[in-house]
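Visitor: Dropping a structure here in structure tokens format, bear with me for questions.
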Amino acid sequence: MTEAIRHRGPDAEGYFDAPSIHLGSRRLRVLDLRGGDQPMWNEDRSICVVYNGEIYNHRALRAELRQLGHRFASSTDTEVLVHLYEEHGDDLVHRLEGMYAFALWDGPRRRLLLARDPVGIKPLFYAQSNGVVVFASEAKSILLHPLISADLDPQALHQLLNIRFVPGPSTMFRGISHLPPGYRLVVEGNGTRLERFHQWDFPGKGSTDLEQAAGSLHGEMARAVERQMISDVPVGIYLSGGVDSSSILSAATSLGGGSPIRTFSLGFGEPTDELGDARIVAEHFGSEHHEMLAESGPLALLPRTVYHAEVPKVNTLQGYLLARFARQRVTVALSGLGGDELFLGYEIYRYLWPGERLSRGAWARLASAAAPAADSVARVLDRTLGLHGDRQRRMAELLASGGDPVRYYLTLRNGWDLGGSVGQKLYTSEWLQGLKGTTRDAMSPYFDRPELPLIEQVQWAEFRVKMVDDFLANEDRMSMANSLEVRVPLLDEAIIRLAFSLPLNVKFQKGQLKPVMRRALEGRVPDIVLRKKKWGFTFDSFEQFKKDLRGICLRELTPRFIGDQGIFRYSFVQRVLEARPSASMRWHYFMLWQMLGLKFWQEIFLDGTSWQEIEERIRR
């Protein structure tokens, strides 16, 4: 099981075995390179821990624990966990600042404590079968246990095909779950107990103006970056030339330290490339800058990214390539992930602004009354415009979702099982009949603050689910696939609380994205950073279709395979492949991409084919 995740920790391995408990660890050495191997014990070896992550306040905690009489055998942050547990029991988690997932064994009490950080930066999966609890940083380890079988969860697949990620705690594997962020799982006696230990509260909205907010943010970013630069191995920064990554480089440069900071950028050879912008920022701060252009056939790497992600996602390739490139020179990298979620940086918020009126009062009642007619229009457009009518169909579905914040949001996020006939064209009738719920059912629990404006409802929901199960999951899996630790300073708890305390009219001014971050960076970064349009860090499905997506799909998504698989209608695949390529069909190309990834996922996890074999087949 530990060998399956050697990539997460190629530097050392360690084990502990006793009646009814078995712990294994793979270690990536970042702090205390000689003395920090795991499992890590307390003084009398009654308590041990295996752990993945970084505790940024471990030095302060160490000093406090030493004053209480605890003795340390290493300078690593891992050892702090066992001594904190001796003092605080399960509540040790309330003292931790950082990213973590750990398993702690209390020998005298014969109890196991699993915990995951409140943001969800580090992963922790678990499964239960016949009174046995199996857990790991990745599901592939759990699947090696003889009591656990690999079975596709149809609902998880359906959600993935709608919104391009699987909302937790579900995974693609039936019976394997995520431990939710800010939760602990206690195993003792004859049972398990799932407990929430962290609750994000809503501080009162103050009268903070833009200048005050920007000043506070600048100070918190500087402190967060300073704490997360601590390492006994080289540290670099992912640099896109945008607001978030530039803010991290600005803060890191202000710390001094002598040697230039290493920065890394990736281009795709597509119109949305940001290599030029990143170069300008790197020159401004004098970083040791490294850039690469993605290889000509990136889809050939899809089997290995599906293997590492354990989900057939379309937005993993770029993260894998950048992490592989950065790992050639550093062991730790800082990423700007989180800035868009906390300070409203996505284009979706521009579309949510007019939707606010449709979700309240008389407008909401009018929209609800008109919804059946709009749904009918969407179905007519779908039938008459065919493959090139996706945009028009989606506009009609937006009108049909007025007064329903969850549906409005999901329509903007490409959800298609909310009405219309897309599912009937995509799925076989047998598969469609077997589905028991919609994407709306999975996402509704995250829209639990109806008193908030629509934009803030979406921000709060995405912070807890899309950021965690899509973006943070990608960042962790693709970086650790290359034995690179990625840290996310903008998701420091102080910055999170600051962001959610700001009034909407400060966070979103006249439709401007991220005004607080832009104001905080004025005079500190090149003007181009503050003026540039937001681009997503991803491949364009239309560009990939023109390159190698079409050819690979023709070879892999054959009528025989689709028929044997029993999920999709081949007529859908055939129509997309035979149609004249068009940018208006991006959604269809993304769907083909996901179908291709699903084939590789099934071959790897259900049939036992190695990703190396599949890649060799594709490259031939």
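Visitor: Within segment 14-38, can you find the residues that are without any contact (Cβ under 8 Å) to a residue 60 or more places away in the chain and within 20 Å of Leu114 (Cβ to Cβ)? Outline the logic, then answer.
Guide: Taking segment 14-38 as the starting set, the residues that turn out to be without any contact (Cβ under 8 Å) to a residue 60 or more places away in the chain are 14-15, 17, 19, 22, 24-27, 34-38.
Passing the criteria: Gly14, Tyr15, Asp17, Pro19, His22, Gly24, Ser25, Arg26, Arg27, Gln38.
Visitor: A follow-up question, please. Looking at (1) surrounded by fewer than 21 Cβ atoms within 10 Å (Cβ to Cβ); (2) closer than 24 Å to His7 by Cα; (3) of a type in the set (A, V, I, L, M), which one does Val132 not meet, given that it meets all the others?
Guide: (2) is the only condition that Val132 fails.
Visitor: State all residues of segment 563-578 that are out of contact with any Lys or Arg (no Cβ under 6 Å at 6 or more places or on another chain), surrounded by 13 or more Cβ atoms within 10 Å (Cβ to Cβ) and in contact (Cβ under 8 Å) with a residue 24 or more places away in the chain; if no residue qualifies, say none. Give the derivation first.
Guide: Of the residues in segment 563-578, the ones out of contact with any Lys or Arg (no Cβ under 6 Å at 6 or more places or on another chain) are 563-571, 573-578.
Going one step further and asking which of them are surrounded by 13 or more Cβ atoms within 10 Å (Cβ to Cβ), we end up with 565, 567-570, 573-577.
Answer for segment 563-578, where residues must be out of contact with any Lys or Arg (no Cβ under 6 Å at 6 or more places or on another chain), surrounded by 13 or more Cβ atoms within 10 Å (Cβ to Cβ) and in contact (Cβ under 8 Å) with a residue 24 or more places away in the chain: Gln565, Ile567, Phe568, Arg569, Arg575, Val576, Leu577.
Visitor: Here's another thing I want to ask about it. Which residue, of Arg518, Arg497, is touching a Pro at 6+ places or on another chain (Cβ under 7 Å) and either touching a residue at least 24 places away in the same chain (Cβ under 8 Å) or on the phi > 0 side of the Ramachandran plot (or both)? Talk me through it step by step, then tell me what you get.
Guide: Numbers: Arg518 fails: touching a Pro at 6+ places or on another chain (Cβ under 7 Å).
Residue meeting the stated conditions: Arg497.
Visitor: Between Leu472, Leu435, Leu491, Leu454, which is in the same structural domain as Gln318 (by TED's automatic domain parsing) and out of contact with any Lys or Arg (no Cβ under 8 Å at 6 or more places or on another chain)?
Guide: Values: Leu472 fails: in the same structural domain as Gln318 (by TED's automatic domain parsing); Leu435 fails: in the same structural domain as Gln318 (by TED's automatic domain parsing); Leu454 fails: in the same structural domain as Gln318 (by TED's automatic domain parsing).
Residue meeting the stated conditions: Leu491.
Visitor: Hey, among the residues in segment 119-139 that are within 15 Å of Val186 (Cα to Cα) and assigned to a loop (DSSP other than H, G, I, E, B), which one's modelled with the highest pLDDT?
Guide: Filtering segment 119-139 for residues that are within 15 Å of Val186 (Cα to Cα) and assigned to a loop (DSSP other than H, G, I, E, B), the one modelled with the highest pLDDT comes out as Leu124.
Visitor: Here is a further query. Just to check your reading of the model, which residue among Val186, Val233 is assigned to a loop (DSSP other than H, G, I, E, B) and either at pLDDT 95 or above or within 30 Å of Val306 (Cα to Cα) (or both)? Before you say what the answer is, go through the steps one by one.
Guide: Details: Val186 fails: assigned to a loop (DSSP other than H, G, I, E, B).
Matching residue, one of Val186, Val233: Val233.
Visitor: Test His145 against the stated conditions and say whether it is over 20 Å from the mean Cα position of the chain (by Cα) and over 23 Å from Arg196 (Cα atoms).
Guide: Numbers: over 20 Å from the mean Cα position of the chain (by Cα): yes; over 23 Å from Arg196 (Cα atoms): yes.
Against the criterion (over 20 Å from the mean Cα position of the chain (by Cα) and over 23 Å from Arg196 (Cα atoms)), His145 qualifies.
Visitor: Could you list, in sequence order, the residues of segment 87-109 that are part of a loop (DSSP other than H, G, I, E, B), in contact (Cβ under 8 Å) with a residue 60 or more places away in the chain and not acidic (Asp, Glu)?
Guide: The first filter runs over segment 87-109 and keeps only residues part of a loop (DSSP other than H, G, I, E, B), leaving 96-97, 107-109.
Narrowing further to those that are in contact (Cβ under 8 Å) with a residue 60 or more places away in the chain: 97, 107-109.
Once the filter is applied, which keeps residues that are part of a loop (DSSP other than H, G, I, E, B), in contact (Cβ under 8 Å) with a residue 60 or more places away in the chain and not acidic (Asp, Glu), segment 87-109 yields Gly107, Pro108, Arg109.
Visitor: Among the listed residues Ser137, Ser141, Ser170, identify the single one that is surrounded by fewer than 20 Cβ atoms within 10 Å (Cβ to Cβ) and hydroxyl-bearing (Ser, Thr, Tyr). Steps first, please.
Guide: Values: Ser137 fails: surrounded by fewer than 20 Cβ atoms within 10 Å (Cβ to Cβ); Ser141 fails: surrounded by fewer than 20 Cβ atoms within 10 Å (Cβ to Cβ).
On inspection, the qualifying residue turns out to be Ser170.
Visitor: Does any residue in segment 599-612 that is outside the structural domain of Gly563 (by TED's automatic domain parsing) come within less than 6 Å, Cβ to Cβ, of a residue that is polar (S, T, N, Q) and surrounded by 18 or more Cβ atoms within 10 Å (Cβ to Cβ) six or more places away or on a different chain, and which pairs are these?
Guide: Correct list of pairs: empty, since none qualify.
Visitor: Identify, from the list Leu157, Leu179, Leu112, Leu144, the residue that is in contact (Cβ under 8 Å) with a residue 12 or more places away in the chain, touching a Lys or Arg at 6+ places or on another chain (Cβ under 9 Å) and at negative phi.
Guide: Numbers: Leu157 fails: touching a Lys or Arg at 6+ places or on another chain (Cβ under 9 Å); Leu112 fails: touching a Lys or Arg at 6+ places or on another chain (Cβ under 9 Å); Leu144 fails: touching a Lys or Arg at 6+ places or on another chain (Cβ under 9 Å).
Residue meeting the stated conditions: Leu179.
Visitor: Considering only residues that are among the β-branched types (Val, Ile, Thr) and within 24 Å of the chain's Cα centre (by Cα), which ones fall in segment 244-291? I'd like the intermediate steps shown before the answer.
Guide: The initial filter retains those residues of segment 244-291 that are among the β-branched types (Val, Ile, Thr), namely 248, 253, 261, 263, 272, 280-281.
Scanning segment 244-291 gives Ile248, Thr263, Thr272.
Visitor: Could you please find all residues in segment 579-620 being of a type outside the set (Lys, Arg), assigned to a helix (DSSP H, G or I) and surrounded by fewer than 16 Cβ atoms within 10 Å (Cβ to Cβ)?
Guide: So the first thing to find is which residues in segment 579-620 are of a type outside the set (Lys, Arg), and the list is 579, 581-585, 587-598, 600-616, 618.
Subset that is assigned to a helix (DSSP H, G or I): 583-585, 587-598, 600-606, 611-616, 618.
If the condition is that a residue be of a type outside the set (Lys, Arg), assigned to a helix (DSSP H, G or I) and surrounded by fewer than 16 Cβ atoms within 10 Å (Cβ to Cβ), then Ala583, Ser584, Leu606, Gln612, Glu613, Glu616 are the ones that fit.
Visitor: Looking at this structure, is Glu87 surrounded by 17 or more Cβ atoms within 10 Å (Cβ to Cβ) and farther than 17 Å from Val186 by Cα?
Guide: Working: surrounded by 17 or more Cβ atoms within 10 Å (Cβ to Cβ): no; farther than 17 Å from Val186 by Cα: yes.
Considered against the rule, which asks whether it is surrounded by 17 or more Cβ atoms within 10 Å (Cβ to Cβ) and farther than 17 Å from Val186 by Cα, Glu87 comes out as no.
Visitor: If the Cβ limit is 8 Å and pairs must be 6+ apart or interchain, which residue in segment 319-333 that is more than 20 Å from Arg304 (Cβ to Cβ) and outside the structural domain of Arg8 (by TED's automatic domain parsing) pairs with which residue that is among the hydroxyl-bearing types (Ser, Thr, Tyr) and surrounded by fewer than 19 Cβ atoms within 10 Å (Cβ to Cβ)?
Guide: Close Cβ pairs satisfying both conditions: Thr331/Ser231; Thr331/Ser483; Val332/Ser231.
To keep it simple, each residue is scored yes or no on (1) among the charged types (D, E, K, R); (2) free of Cβ contacts under 8 Å to residues at least 40 places away in the same chain; (3) out of contact with any Gly (no Cβ under 7 Å at 6 or more places or on another chain).
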{"residue": "Tyr427", "(1), (2), (3)": "no, no, yes"}
{"residue": "Leu435", "(1), (2), (3)": "no, no, yes"}
{"residue": "Thr439", "(1), (2), (3)": "no, no, no"}
{"residue": "Met443", "(1), (2), (3)": "no, no, yes"}
{"residue": "Gln457", "(1), (2), (3)": "no, no, yes"}
{"residue": "Lys466", "(1), (2), (3)": "yes, no, yes"}
{"residue": "Asp476", "(1), (2), (3)": "yes, no, yes"}
{"residue": "Glu485", "(1), (2), (3)": "yes, no, yes"}
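Visitor: Something else about it: Name the residues in segment 230-279 that are surrounded by fewer than 20 Cβ atoms within 10 Å (Cβ to Cβ), in contact (Cβ under 8 Å) with a residue 60 or more places away in the chain and in contact with a helix residue (DSSP H, G or I) (Cβ under 6 Å, 6 or more places away or on another chain), would you?
Guide: Glu270
Visitor: Quick one: Val186 ticks every box in (1) under 28 Å from Leu114 (Cα atoms); (2) in contact with a Gly (Cβ under 8 Å, 6 or more places away or on another chain); (3) surrounded by 15 or more Cβ atoms within 10 Å (Cβ to Cβ) except a single one, so which number is it?
Guide: (2)
Visitor: In the set Thr316, Thr272, Thr263, Thr253, which member is under 30 Å from Asp151 (Cα atoms) and either in the same structural domain as Val233 (by TED's automatic domain parsing) or modelled with pLDDT under 95 (or both)? Write out each step before concluding.
Guide: Values: Thr272 fails: under 30 Å from Asp151 (Cα atoms); Thr263 fails: under 30 Å from Asp151 (Cα atoms); Thr253 fails: under 30 Å from Asp151 (Cα atoms).
When all the criteria are applied, what remains is Thr316.
Visitor: Going by the conditions given, is Leu84 within 28 Å of His7 (Cα to Cα), among the hydrophobic types (A, V, I, L, M, F, W, C) and touching a residue at least 12 places away in the same chain (Cβ under 8 Å)? Explain how you work it out, then say what you get.
Guide: Values: within 28 Å of His7 (Cα to Cα): no; among the hydrophobic types (A, V, I, L, M, F, W, C): yes; touching a residue at least 12 places away in the same chain (Cβ under 8 Å): yes.
Spelling it out, it is not the case that Leu84 is within 28 Å of His7 (Cα to Cα), among the hydrophobic types (A, V, I, L, M, F, W, C) and touching a residue at least 12 places away in the same chain (Cβ under 8 Å).
Visitor: Filter segment 426-442 down to residues that are under 27 Å from the mean Cα position of the chain (by Cα) and surrounded by fewer than 19 Cβ atoms within 10 Å (Cβ to Cβ) and give me whichever is nearest to Gln574 (Cα to Cα).
Guide: Filtering first and then ranking leaves Leu435.
Visitor: Now for a different question. Being outside any helix (DSSP H, G or I) and over 18 Å from Pro123 (Cα atoms) is the filter here; which residues of segment 335-359 pass it? Spell out how you get there, then give the answer.
Guide: Start the filter on segment 335-359 by keeping residues that are outside any helix (DSSP H, G or I), which leaves 335-338, 344-347, 359.
Once the filter is applied, which keeps residues that are outside any helix (DSSP H, G or I) and over 18 Å from Pro123 (Cα atoms), segment 335-359 yields Gly336, Leu344, Gly345, Tyr346, Glu347, Ser359.
Visitor: Going by what's in this entry, would Leu301 be described as touching a residue at least 60 places away in the same chain (Cβ under 8 Å), assigned by TED's automatic domain parsing to the domain that holds Ser245 and hydrophobic (A, V, I, L, M, F, W, C)?
Guide: In short, yes.
Visitor: Are any of the residues in segment 193-214 at pLDDT 95 or above, among the β-branched types (Val, Ile, Thr) and not in a helix (DSSP H, G or I)?
Guide: No, the conditions are met nowhere in segment 193-214.
Visitor: Kindly provide the set of residues from segment 315-351 that are of a type in the set (D, E, K, R), buried (at least 20 other Cβ atoms within 10 Å of the Cβ) and over 30 Å from Leu498 (Cα atoms), ordered by number.
Guide: As a first pass, look at segment 315-351 and keep what is of a type in the set (D, E, K, R): 324, 327, 329, 340-341, 347, 350.
From what's left, buried (at least 20 other Cβ atoms within 10 Å of the Cβ): 340-341.
Correct list: empty.
The values are calculated or read from the model by the stated rules, or taken from the named source; none is laboratory data. Please read these numbers as outputs of a predicted model, since none were measured by experiment. Note: ideal-geometry Cβ built from the backbone for every residue, glycine included; neighbour counts use all protein chains shown.
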